[in-house]
Amino acid sequence: MDPKVIHNKGVAEFYQSKFTKIEEFKLCLSTVCHFDHLNIDNLITVDDVDHCVVLYNQAVILYHYQQYKAALSIMEKLIPCIEPLEENMAKKIAFLLVELYLRTHQPEKAMGRLSYIEKMLFTNIKSGSSPNNSERAEKSENQETSLSSDGASSKISLYKTRCLLMMKSLKACKREIKVLMSTQAQNPSVVYLKSNFEYLRGSYRKVLKMLATVPQNIVITESGDCLPVMYYNNLGCNHFHTRKHHLGAFYFKRAVEENENAFKSVKKESEEGKFGPSLQTVAISRHYELLYNMGVQLLHCGKIQAAFDCLIQAVQVYQTNPRLWLRLAECCITNYREDNEVDKKLSRRLQVFQGSVASGVHRKLILGSTTKHEKLSNNPAIPAPSIEFASLCLRNALLLLPEDPLQSDISEEQNDSCKSEIFLVPAPPSNPMRAAEVSNLRCSILAASAYVSLCLNDHLVALNYAENLLRQHKLSGAQRYLAHLYAAEAFVHLNRTTDAIHHLNPEYSVDVSVCPPEQKTEQDKNDKNEKMDKNDRDPVEATEAKGALVPWTPATPQKAQAVLLYNLAATLAIRQEYAEALKNLGESSKLTSQPFPAQMYSLKIYLDLIEGRRAFAQYIIKESFGHLTPNRVDLSLLTKKNMPSEPLP
């Protein structure tokens, strides 16, 4: 039987079923490939132009099943065959190539293909066989009329805008959007592109205004997108960047509900028609992508268990995303210890003393432990927000990261810039990560790994992570500061106090910025000027400082120095250098706001007692733990000669 007849019959039946008989059509394509001796899995070149239609249809099926790399692998084999094809087919292949390049986050290649489409469709091809210029002009005029009628011009403009947005070329994108808004202001695609443009510029108020103009009468578009899901998801993303995390979580929840409603609606229609879903709606559900966004938002809300439940479901689908594994580890770490402010609470400070025994002159106080000791779970492989599972997540995240291309000679700046442009690491459902993003992510994973290893008493492992972190080139000030602290603590536990003191140099607390060193290309610098244009931005938003999404402690070099000096004092106390320890502890107390952490009280009382300064210890206990000292302290013993220059209150 003729393969062309089989193919055309399959296409006709597929159209007749309103694109619902997907399996039958896939079987038809497989039969045609068998007759034509085409092995799609090992396709090298396309020898016959007639095979292009079959391969194109196969790529369309893969595209709607979100298998973009497999579809692109087929479509790139058709590029040499575009010229001999008839115009309509060539146009479809070219547009599908552009879409696949965008789906795989390759906007540069997409722009190159768009330039080819414009040249193919709009440039008058000079031919010696034309009798005169009037006929060529008439042919060109007819061609432009046909192009405008089938929407090729508007489609090219939409694709150009998407490419420019993906490349963060906001200046050129602004011109394209102005043209689109003047001609297609009511088109949902144009509205969402405009809102995405304002989102990248940081004009979050304008994003809300643009999203409010999205037509609400359309639920599912012809391309299979659910507009309510897109609407609520974009609102959630917008509120995430305005630090309104609870409001963002509400909109993400609405997006999940709308996604379930759309999926049930499509399923109900397919059951009534006794066929499966149509090709456009076969992958309409965005459930796990929304759960990923929801989990990150809930993590910022402080709802750790709910965030962990969302992310643990998402990681079952997106197992190769190192950033997702890091977010799971952050849930576990936050559940283990939210922040260091807990050490300043009254309940923790009361743990400095366990109680007292005897009475009168024989009364004794029993010192307690201010270190948090928790029972470790038996099986760290069980998914739970525990510190053991955090260690497993961080190992997965580190193993999924490729070798850093930026870890090369610093003198090769041009090579580094080229690598950062072409180096992409898949991180579904997010966009692929470029080289600079991979470097930043590696630093975050190493910092978290060092902390988790210290919590698990794996001090040698923690030291390796901390030293590895210090070797990274793209390291923020805060990460460098933490690396020194973690290395110092690991050295102390390994009985190497001299090495620990080396990492506790006060100079390491000068820079505690959370932003990594900027690595911008010339295009990024040009876009930065456009982005900071105050004439086009909301005056309120223009004055708002963009800080970290999560409050960082210590936020200032003074507070960072206070923590470092306390650790230095504790290390010196272990070395039995008590005078130096008291001096550094006093300097730390000057830089620390009240109430002081429980550990600082314990160290101060310990140093006073071991130095024989009983009156000073009694004074601190009376002032800070008065319920334990019914007897008054003889303040006459505290002479100026014995009074420390910086006592704790």
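Going by neighbour counts of Cβ atoms within 10 Å, the residues LEU456, LEU328 line up, fewest first, as LEU456, LEU328. Distance between the C-alpha centres of region 1-70 and region 310-355: 50 Å, rounded to the whole angstrom. Projecting label points 7 angstrom from Cα along Cα→Cβ for LYS253 and ASN457 puts them 4.1 nm apart.
FYI, it's all coordinate maths here, none of it is from the lab. Only a predicted model underlies this, so the values are computations on that prediction, with no experimental measurement involved. When we count neighbours, we look across all protein chains shown, and the Cβ atoms used for this are built from the backbone with ideal geometry, even at glycine.
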